[in-house]
Amino acid sequence: MQKTVSLTVNGKPATATVEGRTLLVQLLRENLGLTGTHVGCDTSQCGACVVHVDGEAIKACTLLAVQAEGRNVLTIEGVADGDTLHPMQEAFRNNHALQCGFCTPGMVMSALDLVKNNPKPTEKEVREYLEGNLCRCTGYHNIVLAIIEGATVMRGETPPVAPHGPAHGVAAE
Amino acid sequence: MYEFDYHRPTSLDDAAGRLSDEDAKLVAGGMTLIPTLKLRLAKPTQLIDLGALPGLTGITEDGDSVVIGGMTRHADVNRSEVVKRVVPALAAMAGLIGDPAVRNRGTIGGSIANNDPAADYPAGVVALNATVRTNKREIAADDFFTGLFETALEPGEIVTAVRFPKVAMANYQKFRNPASRYAIVGVFVARTSAGVRVAVTGAGASVFRVPAMEAALTASFTADAIKDIAIPDDGLNSDIHASAEYRAHLVTVMARRAVAACG
């Protein structure tokens, strides 16, 4: 049974015709071409598909597209301001918080959800919050540093220099 | 996932009426059902989404108890100032379910209606001597959970709320599977006006109480009072994560930790 779903994605109205069983992540990737939201495990464990629905982090592989009717969805594509990265994205770059990058969109979306509820998270709180986001490259260390730095910048404060020094710009010297 | 007809009723009567189709299924937060559908372990003809029904979400204080709407999410229970004041151990327990994104969708009603043997809520509902409200009646916690994925809910019956009485002291300790975050064994201990209640999840086919521990703790509410009480491993769950014997051992360990954490 086909259904038409109307929702807001990254601030713009979107409409798609889907089946009842179509997942939100399929609607985003296949109907709207927003492939920044990834499908990793497809079992709601890995967190590569995390998006915000009405301002809260959810796993887009475990929500039916029809359940997003009328909702406001934010994906990784809607986070930056034009060509200017969001402070959280910039912090991931600064801290070399990604290697293959597959988990990164979900990590950034979860990080933003954490900071919304807890603007000044401790390292322990960051690590606990990431329990639903798996990364198989980095060992999480730099992701945690990035989220703390991103939160600091989002509070309008100047972050301390990252322990490894700023990653970007080093190669150019 | 097999195809199904999706419905989003806006009245409880409409939702309950659709359950006359015995192959129809309700979806609350979907954190268990959607993965089950993906694995083709269920093949409902209709999926009836409770998400648009009015009056099923929210947390209210009612005299000496707190009433949590059936569609209230784990994240809301975890953050609720009312729950933290009336039954703080329940708020803490809700914060141990799944992960943050799962807690933003999963609901109390969905969890208890599904009655997964490793779910957390059944232990809280039983230990705290809660009452389950449905569109038809009220069901005492001790009568609600009847077996593996089985409850006292009848066809057409929908959980609308759960009422938890204020508790003097309670704590939940969970030995969790690090991948799924489900309880390998979880023990909820509550010191209520009607005596001590000890409810165990994860270990058996469904949540169960441990009368020997309850009697010992009612006489002396100390972790030492139950250190020599072992539960038999007959019939306990056994899988690649933990043997029945290990689960039986964990019940006593988690129960002692819960009592100690009550302070």
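The values are calculated or read from the model by the stated rules, or taken from the named source; none is laboratory data. Every value quoted in this text rests on a predicted model; they were computed, and no experiment measured them. In this analysis, Cβ positions are derived from the backbone assuming ideal geometry, glycine residues included, and neighbour counts consider all displayed protein chains.
Go through region B:1-53 and give me each residue that's aliphatic (A, V, I, L, M), at the interface with another protein chain (Cβ under 9 Å from one of its Cβ atoms) and under 16 Å from B:V159 (Cβ atoms).
B:V27, B:M31 - these are the residues of region B:1-53 that are aliphatic (A, V, I, L, M), at the interface with another protein chain (Cβ under 9 Å from one of its Cβ atoms) and under 16 Å from B:V159 (Cβ atoms).
Among the strands (runs of 3 or more DSSP E) contained in region B:158-263, which hold 2 or more residues that are in contact with a Phe, Trp or Tyr (Cβ under 8 Å, 6 or more places away or on another chain)?
Answer list for region B:158-263: B:169-176, B:183-192, B:195-201.
May I ask you to list the residues in region A:1-42 that are out of contact with any strand residue (DSSP E or B) (no Cβ under 6 Å at 6 or more places or on another chain), within 13 Å of chain B (Cβ to nearest Cβ) and among the hydroxyl-bearing types (S, T, Y)?
A:T22
Quick one: B:T160 ticks every box in (1) in contact with a Gly (Cβ under 7 Å, 6 or more places away or on another chain); (2) more than 22 Å from B:A91 (Cβ to Cβ); (3) of a type outside the set (G, A, S) except a single one, so which number is it?
(2)
Please work out which one of (1) surrounded by fewer than 24 Cβ atoms within 10 Å (Cβ to Cβ); (2) in a helix (DSSP H, G or I) is the condition B:I112 fails and give its number.
The number of the failed condition is (1).
Given the options B:L90, B:L96, name the one that is under 11 Å from the mean Cα position of the chain (by Cα) and in contact (Cβ under 8 Å) with a residue 60 or more places away in the chain.
Numbers: B:L96 fails: under 11 Å from the mean Cα position of the chain (by Cα).
Matching residue, one of B:L90, B:L96: B:L90.
Just give me the residues in region A:43-73 being out of contact with any helix residue (DSSP H, G or I) (no Cβ under 8 Å at 6 or more places or on another chain) and within 8 Å of another protein chain (Cβ to nearest Cβ), in sequence order.
A:V66, A:E69
Among residues belonging to region B:99-109 that are more than 9 Å from the chain's Cα centre (by Cα) and part of a helix (DSSP H, G or I), point out the one that is surrounded by the most Cβ atoms within 10 Å (Cβ to Cβ).
For region B:99-109, the residue satisfying everything is B:A101.
Residues are listed down the side, and each one gets a yes or a no for (1) among the basic types (K, R); (2) at pLDDT 95 or above; (3) closer than 21 Å to B:T134 by Cβ:
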{"position": "B:L19", "(1), (2), (3)": "no, no, yes"}
{"position": "B:V27", "(1), (2), (3)": "no, yes, yes"}
{"position": "B:S65", "(1), (2), (3)": "no, yes, yes"}
{"position": "B:I68", "(1), (2), (3)": "no, yes, yes"}
{"position": "B:M71", "(1), (2), (3)": "no, yes, yes"}
{"position": "B:E81", "(1), (2), (3)": "no, yes, no"}
{"position": "B:K84", "(1), (2), (3)": "yes, yes, no"}
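Just name the residue that is surrounded by the fewest Cβ atoms within 10 Å (Cβ to Cβ) out of those in region B:198-238 that are closer than 16 Å to B:N115 by Cα and in contact with a Leu (Cβ under 9 Å, 6 or more places away or on another chain).
So the residue we want is B:A205.
For residues in region B:115-157 being part of a helix (DSSP H, G or I) and either of a type in the set (A, V, I, L, M) or in contact with a His (Cβ under 6 Å, 6 or more places away or on another chain) (or both), which is nearest to the other protein chains (Cβ to nearest Cβ)? Even if it seems obvious, please write down each step before you answer.
Step one: list which residues in region B:115-157 are part of a helix (DSSP H, G or I), which gives B:121-127, B:141-144.
Okay, now just the ones that are also either of a type in the set (A, V, I, L, M) or in contact with a His (Cβ under 6 Å, 6 or more places away or on another chain) (or both), so B:123, B:125-127, B:141.
On the way: B:A123: 20, B:V125: 24, B:V126: 26, B:A127: 24, B:A141: 28 Å.
Across region B:115-157, the extreme among qualifying residues is B:A123.
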